[in-house]
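So the structure is just underneath, and the comments pick up after that.
The values are calculated or read from the model by the stated rules, or taken from the named source; none is laboratory data. Fair warning: this is a prediction, and the values are worked out from it, not measured in the lab. Glycine also receives a Cβ, built like all others from the backbone with ideal geometry; neighbour counts cover every protein chain displayed.
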């Protein structure tokens, strides 16, 4: 089954429409409705209810192995259920356990995941039988993330522009960084952006230093953004990959 890690990561219902993109600025709201990613390549569409909560996400892959995942969300006080419909047929059911509004466990996949938070409400650890992810923070942003996946090891050290607010999915929207970010799979990334995985990062990411193995060479990837006249990001470029954003905005 074709899956995508969006690290991570991964779709925010409320996106900045402000010309002044500083963390302190109160901003009007727009709905992010589509992401086209040249790195996969793929197209992700987002659906909302009348209150702006995400109800479904459809991710369609192109290339030589086309496929479609449609994730349908249902929410309750103690859990969130996400049904994965793969190429038109029911495939998986993911169940997320909530504790004080934060996800502490995900079941329904190959292995169950356990999520641990620090004293500031940031996701600091993800543990399961096949992976162990540790995340450190500084000044409200990820300062280092280490991923142990079976016998492989990866380390990510991001850089941020502290004068700019975080852009939804910017950490994980490019295929190069499919493992970067607190959560990676698309069904997780949707919930992360809605606040179910605790506090989100504060500032705009501008680069990532990535290494495989303890003593392996370090590769640096830089981010660049294109914004419209209202300040909304319309595209993100990272290396050879580019993601374009589409919105639906209502009058203030």
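With respect to the conditions (1) at pLDDT 95 or above; (2) surrounded by fewer than 22 Cβ atoms within 10 Å (Cβ to Cβ), residue 151 falls short on a single one, namely (1).
Using the structure shown, decide if residue 210 is assigned to a strand (DSSP E or B), loosely packed, with under 14 Cβ neighbours inside 10 Å and either modelled with pLDDT under 90 or at negative phi (or both). Considered against the rule, which asks whether it is assigned to a strand (DSSP E or B), loosely packed, with under 14 Cβ neighbours inside 10 Å and either modelled with pLDDT under 90 or at negative phi (or both), residue 210 comes out as no. One residue alone among 245, 223 is modelled with pLDDT of 90 or more and surrounded by 22 or more Cβ atoms within 10 Å (Cβ to Cβ), and that residue is 245.
Taken over the stretch 115-156, the criterion of being touching a strand residue (DSSP E or B) at 6+ places or on another chain (Cβ under 9 Å) and part of a loop (DSSP other than H, G, I, E, B) is satisfied by 118, 120, 121, 122, 128, 130, 139, 140, 150. Assessment of the stretch 40-58 against the conditions (in contact with a strand residue (DSSP E or B) (Cβ under 6 Å, 6 or more places away or on another chain), within 15 Å of residue 234 (Cα to Cα), at pLDDT 85 or above and buried (at least 22 other Cβ atoms within 10 Å of the Cβ)) yields at least one matching residue. In the stretch 82-100, is there at least one residue being more than 19 Å from the chain's Cα centre (by Cα), under 27 Å from residue 208 (Cβ atoms) and not in a strand (DSSP E or B)? Checking the stretch 82-100: not a single residue is more than 19 Å from the chain's Cα centre (by Cα), under 27 Å from residue 208 (Cβ atoms) and not in a strand (DSSP E or B). Applying the condition of being in contact with a strand residue (DSSP E or B) (Cβ under 6 Å, 6 or more places away or on another chain) and farther than 21 Å from residue 52 by Cα to the stretch 64-83 and asking which residue is surrounded by the most Cβ atoms within 10 Å (Cβ to Cβ) yields 69.
The rows are residues; the columns are (1) surrounded by fewer than 20 Cβ atoms within 10 Å (Cβ to Cβ); (2) at pLDDT below 70.
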position: 147; (1), (2): no, no
position: 157; (1), (2): yes, no
position: 174; (1), (2): no, yes
position: 180; (1), (2): no, yes
